[in-house]
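**Q** One structure, pasted below without further comment.
The values are calculated or read from the model by the stated rules, or taken from the named source; none is laboratory data. As the structure is a prediction and not an experimental result, all values here were calculated from the model. With ideal geometry, Cβ positions are generated from the backbone for all residues, glycine too; neighbour counts draw on all protein chains shown. SASA here: full protein model, heavy atoms, side chains in, ligands and nucleic acids out. Shrake-Rupley method; radii C 1.70, N 1.55, O 1.52, S 1.80 Å.
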Amino acid sequence: IDGAMYVAFTTDHSPQRTMGRSVLAVSRDDGRAFTKLYDLSTAKFINVALCKVGDWLYVFGSGEYRASSVCLARVPQRQVEQRDRLAYLTGVGEDGQPTWADAEQSAVTLFEHSVVGEFSVAYCEPLGRYLMLYNSTRPRGIVMRSAARPWGPWSEATVVFDPWRGRGYGHFLHTP
């Protein structure tokens, strides 16, 4: 955004919790050094995928590692350094329009699938859809969902890579 690189880092690993907190940081020297802006979350936005859309920066987030579903927040791109400008999706009206609130605890999930691990979201212009890929434990593998708008509705999960069928385990993925 305006020549700066914004990155959400996940930290605070402990024996009790795989990931405990996310922070937003900025680099103005092409990633050679970062400055922490603020704690992003210790609840619903610990694992984060950022997606620029128009004047908005959408923040997709999941909470406890592989034990939560994905929520959505947004911030005007030019105000990304102001944590109090984040707005959290609280629902979608019958007209398909989203509703937003200032409090993270108000955020609702985009869909129910409380196994989300690592994930990413991008807009695919040729398809006219947002694509979300994430590491899932049920079903096992990398699953994909898509939606016409960031707030959905999101499609059902489709396995796009099964580590057993795709010869991942034992070849380029560790298996006990």
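**Q** Search the stretch 116-139 for residues being part of a strand (DSSP E or B) and hydrophobic (A, V, I, L, M, F, W, C), and hand back the single one that is most open to solvent (accessible area, probe 1.4 Å).
**A** L133
**Q** Quick check on my filter: what residues within the stretch 53-71 are of a type in the set (G, A, S) and open to solvent by less than 40 Å² (accessible area, probe 1.4 Å)?
**A** Result: G61, S62, G63, S68, S69.
**Q** Of all residues in the stretch 68-83, which are part of a strand (DSSP E or B) and either under 16 Å from Y6 (Cα atoms) or free of Cβ contacts under 8 Å to residues at least 60 places away in the same chain (or both)?
**A** Result: C71, A73, R74, V75, P76.
**Q** Would you confirm, using the coordinates I've provided, whether R78 is more than 28 Å from T35 (Cβ to Cβ) and open to solvent by 50 Å² or more (accessible area, probe 1.4 Å)?
**A** Working: more than 28 Å from T35 (Cβ to Cβ): no; open to solvent by 50 Å² or more (accessible area, probe 1.4 Å): yes.
No: the conditions fail for R78.
**Q** Given the conditions (1) β-branched (V, I, T); (2) in a strand (DSSP E or B); (3) within 24 Å of T42 (Cβ to Cβ), and given that I142 satisfies all but one, which numbered condition is not satisfied?
**A** For I142, the failing item is (3).
**Q** Let me ask another. Considering only residues of the stretch 145-163 that are in a loop (DSSP other than H, G, I, E, B) and at pLDDT below 95, which is least open to solvent (accessible area, probe 1.4 Å)? Break it down stepwise before answering.
**A** Of all residues in the stretch 145-163, those in a loop (DSSP other than H, G, I, E, B) come to 148-157, 162-163.
Those left that are additionally at pLDDT below 95: 162-163.
Working: D162: 35, P163: 4 Å².
Within the stretch 145-163, the match that is least open to solvent (accessible area, probe 1.4 Å) is P163.
**Q** Select from the stretch 1-52 the residues that are open to solvent by 40 Å² or more (accessible area, probe 1.4 Å) and β-branched (V, I, T) and list them in ascending order.
**A** Residues satisfying the conditions are T10, T11, T18, T35, T42.
**Q** Of the conditions (1) loosely packed, with under 13 Cβ neighbours inside 10 Å; (2) over 27 Å from T18 (Cα atoms); (3) not β-branched (V, I, T), E112 fails just one. Which one is it?
**A** Here E112 meets the rest and fails (2).
**Q** Could you check, for the stretch 94-101, whether at least one of its residues is under 20 Å from M19 (Cβ atoms) and surrounded by fewer than 18 Cβ atoms within 10 Å (Cβ to Cβ)?
**A** Scanning the stretch 94-101 turns up no residue that is under 20 Å from M19 (Cβ atoms) and surrounded by fewer than 18 Cβ atoms within 10 Å (Cβ to Cβ).
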